[in-house]
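Participant: Have a look at the structure that comes next, please.
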Amino acid sequence: MDGSREHDGTLSNGEIALVIDLRSYRLTAVKKAAYRFADRFTAVLGSPEHDRIPVVLRFAPGITETAAQAHVRQFFQELLDQELREHIAGETNAVRTLILAHAFSNVDLIERDR
Amino acid sequence: MTGLHPRFHDRAAFAPRPDYRLLPFRFIRLDDRRYVMTNDVGEHVVVSREQLVALVKRELPVTTQLYRELTAKHLVFDDESRAALDLLAVKYRTRAAAIADLTGLHIFVVTLRCDHSCHYCQVSRQTEDKTAFDMTREHADKALALVFQSPNPAIKIEFQGGEPLLNFALIQHIVQEAERRNACHGRDLQFVIASNLTHLDDHVLAFARAHRVFFSTSLDGPEDLHNANRPLRGGNSHRAAVDGIQRIREALGHDAVAALMTTTPASLARIEDIIDEYVRLGFTSIFLRSLSPYGFAIRTRLVHSYDIADWIAFYQRGLRHILALNRRGVAMREELAAIILQKMFAPAGASYVDLQSPAGVAIGALVYNYDGKIYGSDEGRMLAEMGDDSFCLGSLDTGTFASVMTDDRLHDMLEASLPESAPMCSDCGFLPWCGADPAFHRATQRDAVGHKAFSAFCAKQMAVLRHLVTLLEDDPEARRVLMSWV
């Protein structure tokens, strides 16, 4: 496991507890990754403290340790993707707004009074 | 000195500069090794994760072929390619231009009566003798008035049911009245009857020939499969469809009839047989469609009889068979793939209403139901038959085109259908090639936006899109065939 999070590595009572370092993954990325994985587990986010946020992953009853760990690995891959998406969006959103404004600037949306 | 004339610069002066800038793009994982990057107009590049990260960290060498591809596809720009901003704006406007034309497809549900008892019927048909489920001539005339209030220069009027030929007198009236009104409107006017063809006769064919009416029918595959899916009291549905197809072609021309199939559990093991039946009957395209969560398909729980993974395996096998047919010189096209490929490669995208942003609800198609109610989509009236009238946009007794287009309910639906603002969709790399299908999510999750992590629509789209991109990337022969469908 990478150094940006801590967890005990085991499934206990259908849950895996994690701590995610918000210096590596911003909170928006954590929320988006958690939303995307809602069909595999429910992520309960705690209160951020000292750049770290506790996250409990609650799985459906009967899940095996192997399956749960596979979901955790995929969750952290998704976190990396979401963090990169946030970075790209932050850098390009102004350009996107400019392009969209330019795209429709020649369209006369309002029938003006003569 | 290079020895060049002073008016020429050295080649180095035209070299790409390392301080490139990112243009807006999204990405999604294609497989364990690769990502798909797309811009807002559907242009794409497939890269490794290392390449993606290097690009964002400005560590991608600008002398590489990948960098040139990224600039050509408008995913990055530099001082030498600032025209990219203008080009992207023009391309975006081109893809959105059709929205300004507003509604082109107008569906008249002339009756809900039907002689078939298909298990997957989405429209909750009624028995043949219940004329209470017929559209009245008064409502038909009011609907026609509304049709010609649409500014779209191309108007297609489609007759649906039930079985619309059970109310053929009203179809005749609508066609003749539409032609009379169009004499002063001058629209490109087309008519289509969506029929099972059991009531096709010489009288219907003569009228269709005189008024250039086309047909669309259902064909689920070989005779045994089709008849199992589409029971016809005291008759043979497959024989009626095949005979009808032949008679329409003889009377109106080969392309005057199209066919659609629906996948039932019985279809899953028969994909090659289904496609071969289409080839045998002279069709050059097939639309591999999964069951929709409406009408009898819900009431009989048929829609739950296979899951989306089964359908995806069915689809991939079907596409493999179609590509093999093409390699043997047999022309055959799969329509869902063709629509997506249009969205990937054609400047104007594709006009398929279920994969639009915003969705084609009302702005792409309007439905005039047998009872005089107006719906924003065919699926909307199907939901209404299940007791959910949330897609109803008024009544023909009081509605006008303007009242429908300015209805707050419509605006809410359109807003819900924008993937750009939907959770999970908004940062999905497949967004420019996808849609949101609000009726599907209303039917399955009681919410027009829906949670895409639980959405069979999303799972289906993701799988089909990943499969198509993989074929385009990894199989040159498949790519050659797929690109011929654009």
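Computed from the coordinates by the stated procedures, all read-outs in this text should not be read as laboratory data. These numbers come from a predicted model, not from an experiment. Cβ: placed from backbone, ideal geometry, glycine included. Neighbour counts: every protein chain shown.
Participant: Can you give me the distance in nm between label points at B:Ala206 and B:Met483, each placed 7 Å from the Cα along the Cα-to-Cβ direction?
Facilitator: 5.2 nm
Participant: Take every residue in peptide A:96-102, count the Cβ atoms of other chains within 10 Å of its Cβ, and give the average of those counts.
Facilitator: 6
Participant: Rounded to the nearest 0.05, what FRET efficiency is calculated for B:Arg29 and A:Arg26 with R0 set to 22 Å and r the Cβ-Cβ distance?
Facilitator: Approximately 0.65, to the nearest 0.05.
Participant: Exactly which trypsin sites (Lys or Arg not before Pro) in segment A:19-81 are in a DSSP loop and have at most 13 other Cβ atoms within 10 Å?
Facilitator: A:Arg23
Participant: A further question on this structure: Taking a cut-off of 18 Å between Cα atoms, list the lysines near B:Lys343, but don't count ones fewer than 8 places away on the same chain.
Facilitator: B:Lys73, B:Lys91, B:Lys460
Participant: Note down the magnitude of the dipole of segment B:105-235 about its Cα centre, charges +1 on Lys and Arg C-beta and -1 on Asp and Glu C-beta and zero elsewhere, to the nearest 20 debye.
Facilitator: 420 debye
Participant: While we're here: Could you work out the relative contact order of chain B? I mean the mean sequence separation of Cα pairs under 8 Å and 6+ apart, divided by the number of residues, in percent.
Facilitator: This gives 15 percent for chain B.
Participant: Can you work out the PRE-style zone for A:His102? Point 7 Å along Cα to Cβ, and I want the residues of segment B:46-81 with backbone N under 16 Å.
Facilitator: B:71-81
Participant: Related question: Charges only on Cβ, +1 for Lys and Arg, -1 for Asp and Glu: so what's the dipole of chain B about the Cα centre, in debye to the nearest 20?
Facilitator: 1020 debye
Participant: To test your reading of the geometry: what angle, between 0 and 90 degrees and rounded to tens, separates the Cα axis of helix A:65-103 from the longest principal axis of chain A?
Facilitator: Roughly 10 degrees between the two axes.
Participant: Given a cut-off of under 8 Å on Cα pairs at least six residues apart, what relative contact order in percent is computed for segment A:1-102?
Facilitator: Reported relative contact order: 28 percent.
Participant: Enter the mean number of other protein chain beta carbons within 10 Å of the beta carbon of each residue in B:419-430, as an integer.
Facilitator: 2
Participant: Go ahead and estimate [θ] at 222 nm for the protein assembly as shown from helices alone: -39,500 (n - 2.57) per DSSP H run with n ≥ 4, summed, over the residue count, rounded to 500.
Facilitator: Estimated from H runs of four or more residues: -12500 deg cm²/dmol.
Participant: How would you order B:344-353, B:166-175 from highest to lowest mean count of nearby Cβ atoms within 10 Å?
Facilitator: With the highest mean Cβ count within 10 Å placed first, the list reads B:166-175, B:344-353.
Participant: Also, quick follow-up: Testing the spin-label approximation: label points 7 Å from Cα along Cα→Cβ at B:Leu281 and B:Arg181. State their distance in nm.
Facilitator: 3.3 nm
Participant: Sorted from fewest to most neighbouring beta carbons within 10 Å, what does the list B:Met405, B:Met135, B:Met261, B:Met483 look like?
Facilitator: B:Met483, B:Met405, B:Met261, B:Met135
Participant: Let me ask you something else. Could you sort the peptides A:63-71, B:455-463 by per-residue average Cβ neighbour count (10 Å cutoff), highest mean leading?
Facilitator: Per-residue mean Cβ counts within 10 Å order the peptides as B:455-463, A:63-71.
Participant: Under a straight-distance cross-link criterion of Cα-Cα below 30 Å, which lysines are reachable from B:Lys373, leaving out those fewer than 8 residues away in the same chain?
Facilitator: Partners within reach: B:Lys130, B:Lys142, B:Lys156.
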